[in-house]
Amino acid sequence: MTPRMSALRYARAVLEVALAEADPVAVEQQLASAAELFQGHAGLWKVMTNPAVPAPKKRATVDAMLPQLGVAPVVAKTLQMLASRDRVGLLPAIVEAYSEKLMDHQRVVRAAVTSAAPLSADRVTKLERQLAAITGRRVVMSAAIDPAILGGLVTQIGSTVYDGSVKRQLEKIRERLVAGSL
């Protein structure tokens, strides 16, 4: 099983428990904080991801850290289980997968919108409503500026890209001219 698949399985299980026993948003934040803590300390990360260090020692390290972390029981048990199974290296991928699963559960979708110039607040609000109507979900939008697109918008929702940029329209015209169909 690939690490990504393992992370998805762990994330799904943690979300199910979090929905039943805790605040799933708080669990997400606590998992992310734990991942940052492990990765933020190079020595700790090296020990926790080193296959030569026995799993019981990793578990003891996690057990010693838990009182200072102040995390929900589901997060504590997850960290202990990952340490016992020598899978702490999956924690960043689990956090990412958990966030995706939580957003899916909350019927939220991320949209990345690129424009040639900054969008006004009214335009952002209108665009979020339009994307929500298209997707049937609440939209969390991030905006970026890329003058190279010349005008229009490029919107990415998941793996789907809606390219309404002037640059792309000009490329299409060029392609048709070269093909002789215009």
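The values are calculated or read from the model by the stated rules, or taken from the named source; none is laboratory data. All figures in this text were calculated on a predicted structure; none of them were measured in a lab. Every residue, glycine as well, gets a Cβ built from its backbone with ideal geometry; the counts of neighbours run over all protein chains shown.
List of remarks:
- Identity of the residue in the stretch 139-170, under 30 Å from residue 105 (Cβ atoms) and β-branched (Val, Ile, Thr), that ends up surrounded by the fewest Cβ atoms within 10 Å (Cβ to Cβ): 160
- Breaking point among (1) more than 25 Å from residue 159 (Cβ to Cβ); (2) of a type outside the set (Lys, Arg); (3) in contact (Cβ under 8 Å) with a residue 60 or more places away in the chain, for residue 102: (1)
- Candidates 5, 65, 81 - the one that is closer than 27 Å to residue 108 by Cα and either of a type in the set (Asp, Glu) or assigned to a helix (DSSP H, G or I) (or both): 5
- Restricting 133, 117 to those that are outside any strand (DSSP E or B), free of Cβ contacts under 8 Å to residues at least 24 places away in the same chain and either loosely packed, with under 12 Cβ neighbours inside 10 Å or on the phi > 0 side of the Ramachandran plot (or both) reduces the list to 133.
- Criterion violated by residue 169 - all others in (1) in a strand (DSSP E or B); (2) of a type in the set (S, T, N, Q); (3) over 30 Å from residue 34 (Cα atoms) satisfied: (1)
- Residue 139 meets all of the listed conditions (1) farther than 30 Å from residue 103 by Cα; (2) in contact with an Asp or Glu (Cβ under 7 Å, 6 or more places away or on another chain); (3) not small (Gly, Ala, Ser) but one, namely (1).
- Contact annotation: residue pairs with Cβ atoms under 7 Å, 6 or more positions apart or on different chains, pairing a residue in the stretch 165-181 that is in the same structural domain as residue 153 (by TED's automatic domain parsing) with a partner that is of a type in the set (A, V, I, L, M, F, W, C) and part of a helix (DSSP H, G or I), are 165/149; 166/149; 167/148; 167/149.
- Residue that is nearest to residue 118 (Cα to Cα) [pool: residues in the stretch 137-182 that are of a type in the set (S, T, N, Q) and under 32 Å from the mean Cα position of the chain (by Cα)]: 142
- Yes/no for residue 76 being in contact with a Pro (Cβ under 9 Å, 6 or more places away or on another chain) and buried (at least 16 other Cβ atoms within 10 Å of the Cβ): no
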